[in-house]
Structures are given as C-alpha cells and as structure tokens.
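Mind having a look at this structure? Questions to follow.
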C-alpha cells in the first residue's frame with residue numbers, strides 16, 4: 001500500500017468511527033430517561049373551610065378515610081419523585097360528601113396534582129381540598145437517624161476544641 005492510500009483508509013476509518021459514535025449518541029437521546037415514581041404511604045392535603053376561613057393540614061394514610069366537615073377524603077395511591085428530579089406529586093383520591101339525610105354523594109374521583117392545585121375538580125360551596133404532597137415516614141426517620149449519627153460524630157471534636165481553648169485561657173492568665 002502506498003502512503004496516500006494509507007492516509008485515505010485512516011481518514012475513512014476515523015469518519016466511520018465518528019459516524020458510529022454520533023449514531024449511538026442519537027439512539028441514547030431518543031429514549032427518554034424515566035425516573036421511577038416513589039410510592040408513599042401517606043398523602044398530605046390542605047383543606048379550607050370557607051365559612052371559618054381556616055386551613056387544616058390533613059395527613060391521610062392510603063386507603064383510609066378522613067373526615068373534614070361533611071367531606072370524606074380517601075387517597076388510594078400517592079406518587080412523588082426523588083428530590084434530585086423535577087417535582088411531580090400525584091395522588092388518586094376519592095372525595096364523598098355526607099348529606100343531611102345520611103346519604104353519601106361522590107364529589108370527586110380522580111387524580112390530584114400538588115404542583116397544579118387548581119386542576120382538581122372538588123367543587124363544594126363550603127369546603128375546598130387539594131393535594132400538597134406525599135410523605136413516607138420511614139424515609140424521614142432514616143434521614144433523621146443519619147443526620148443524628150453525623151452530628152454525634154462531629155460533637156466530640158467540638159468538645160475537644162472547647163477544652164483546649166479553656167486550657168489556653170487559664171494558662172495565659
């Protein structure tokens with residue numbers, strides 16, 4: 001092979017490798033990355049009583065019913081995302097009203113979005129209910145324990161420094 005033919009073959013090879021790399025990158029870009037939603041055992045709602053103008057925070061475990069005035073709120077599922085992801089908190093909720101004659105009337109069955117509280121369709125003349133978030137108490141406990149362990153590890157160092165400062169003061173005086 002001559003020197004000119006070698007240059008041409010290496011150029012063709014590098015162009016081919018570059019085209020292959022671009023093709024692989026575009027395939028990866030076409031498939032969106034989906035973060036798995038976190039299932040939470042407790043849905044958090046804000047409820048407004050329009051007569052008294054009081055807002056109450058309601059923490060409702062899944063598949064349990066909480067009563068707020070004449071409304072009964074039952075979350076069926078509550079999803080959130082990791083803190084590093086774009087926030088998206090959703091919950092499937094059933095809201096029923098207990099009428100004066102004792103009958104129940106379904107007001108709302110569907111998804112509520114914490115980031116868009118105006119999208120829920122709970123229409124009641126006296127009460128408003130909207131989703132504010134989802135919580136998992138076990139994750140919060142684990143995070144608190146980790147934070148306590150970190151502070152306990154850091155405390156002895158601070159005490160040693162304080163003792164050294166006190167000793168220095170006594171020696172200097």
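The values are calculated or read from the model by the stated rules, or taken from the named source; none is laboratory data. A quick note: this is a predicted structure, and the numbers were derived from the prediction, not measured. Every residue, glycine as well, gets a Cβ built from its backbone with ideal geometry; the counts of neighbours run over all protein chains shown.
Answer yes or no as to whether residue 113 is modelled with pLDDT of 85 or more and in contact with a helix residue (DSSP H, G or I) (Cβ under 6 Å, 6 or more places away or on another chain).
In short, yes.
How about segment 68-109: which of its residues are without any contact (Cβ under 8 Å) to a residue 12 or more places away in the chain and either within 12 Å of residue 45 (Cα to Cα) or part of a loop (DSSP other than H, G, I, E, B) (or both)?
Of the residues in segment 68-109, the ones without any contact (Cβ under 8 Å) to a residue 12 or more places away in the chain are 83-84, 86, 100-103, 105.
Correct list: 83, 84, 86, 100, 101, 102, 103.
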